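Take a look at the structure set out below.
The values are calculated or read from the model by the stated rules, or taken from the named source; none is laboratory data. Keep in mind the model is a prediction, meaning the values are calculated, not measured. So basically every Cβ, Gly included, is an ideal-geometry build from the backbone, and we count neighbours across all protein chains shown. Note: areas computed on protein heavy atoms with side chains; ligands, DNA, RNA excluded. Shrake-Rupley method; radii C 1.70, N 1.55, O 1.52, S 1.80 Å.
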Amino acid sequence: MIVISDNSYVHDNANLFEIRNLRKHFISRRSILNFKSGAVKAVDGVNLTIRKGETLGLVGESGCGKSTLGRVILRLLTASGGTIMYNGRNLLEFDKKTMLEARKHLQIVFQDPYGSLNPRMSVEELVGAPMKVFEKSGKIQRREAVKNILEEVGIGAHQLRRFPHEFSGGQRQRIGIARALILNPEFVVCDEPVSALDVSVRAQVLNLLRELQRKKGLTYLFISHDLSVIKHISDRIAVMYLGKIVELCGRDKLYESPLHPYTKGLMAAIPIPDTNIKRQRAVLLGDIPSAFNPPSGCNFHTRCQLCTEICKNEEPALREVEPNHMVACHMV
């Protein structure tokens, strides 16, 4: 049971997803004979749980595998290994028919509100398309459903016949949200849904997502590189680096006392508007390594100021170092 208050959710202990050792490796082929020459380890052994009714934030630098992870969970990309337990069943073992049925309950809001909408389709066609595909409903029924969901996201029903180019970026993203929610899913991957929007519009869309979650009991995986956005909307936060989860805990705990050196570096990069406030900087050294040839041992050791010999040779496990606070670091 999910109890809704004015400010936050109180969740039960049920897990919607239990992800174990999930991997997605993109094979690189570089020869006229099509020989395999290596693999880009975009997602490399991720262990994660997503609780019903929560918003799990997923944060990290560009190229760390966040969006790939979201797409693999939805089976928009084929996993290279591992398990995705969805309501107690392994999603990776679903046949075509079972997966098609499951897709009604698993949706995504894409990052680009310009590229994710077909410019040749009207709003009515765009938002109603999932119903046409999955429910084979009549035109009148679809139109009423489209009107209702558009009203919920703040788009007037009188705009049904308009096309994407006639809307602003924020309005297009609202249309994308409406399309994702028209089938009443239980889980939505929000893949950088506000990164392409102006700051003032971002707040409106974030508040809309929170309100829709309250009304519909949705579960979100919210992907972003923006720590202020993640803090605003998340219940728990997972920090990802080079295909692996390096820290996972509640939102307030992460911002008050991050433990992993990488998380500390991300937090130190958040601007403080008061110039009189001084803080110790946890500088991230160098650039993120290539996922094609990741470092041995701990992936982060090439940029870590706490690096020791064990960090170079042995990969740290994601373990609980405090109640409900998991970290993958030998030095913690």
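Summary table
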quantity	calculated
Condition broken by ASP112, with the remaining ones in (1) open to solvent by 10 Å² or more (accessible area, probe 1.4 Å); (2) among the acidic types (Asp, Glu); (3) more than 30 Å from GLU166 (Cβ to Cβ) satisfied	(3)
Tally of residues being in contact with a helix residue (DSSP H, G or I) (Cβ under 9 Å, 6 or more places away or on another chain), more than 17 Å from PRO119 (Cβ to Cβ) and open to solvent by 10 Å² or more (accessible area, probe 1.4 Å) across the stretch 150-163	5
Any hit, the stretch 228-245, residues being acidic (Asp, Glu), modelled with pLDDT of 95 or more and not in a strand (DSSP E or B)	yes
Filter result for GLN173 (within 23 Å of the chain's Cα centre (by Cα) and of a type in the set (S, T, N, Q))	yes
Residue within the stretch 58-69 that is part of a strand (DSSP E or B), of a type outside the set (Val, Ile, Thr), open to solvent by 80 Å² or more (accessible area, probe 1.4 Å) and modelled with pLDDT under 95 present	no
Checking ILE177 against (1) in a loop (DSSP other than H, G, I, E, B); (2) open to solvent by less than 10 Å² (accessible area, probe 1.4 Å), the condition it does not meet	(1)
Of all residues making up the stretch 112-164, the number that are within 22 Å of LEU100 (Cα to Cα), of a type in the set (Val, Ile, Thr) and in contact with a Lys or Arg (Cβ under 7 Å, 6 or more places away or on another chain)	1
Options PRO185, PRO193; residue that is out of contact with any Asp or Glu (no Cβ under 8 Å at 6 or more places or on another chain), assigned to a loop (DSSP other than H, G, I, E, B), modelled with pLDDT of 95 or more and open to solvent by less than 60 Å² (accessible area, probe 1.4 Å)	PRO185
Qualifying positions in the stretch 87-115 - within 16 Å of LEU183 (Cβ to Cβ) and outside any loop (DSSP other than H, G, I, E, B)	MET99, LEU100, GLU101, ALA102, ARG103, LEU106, GLN107, ILE108, VAL109
Residue that is farthest from the chain's Cα centre (by Cα), among those in the stretch 199-227 that are part of a loop (DSSP other than H, G, I, E, B) and closer than 22 Å to LYS66 by Cα	LEU218
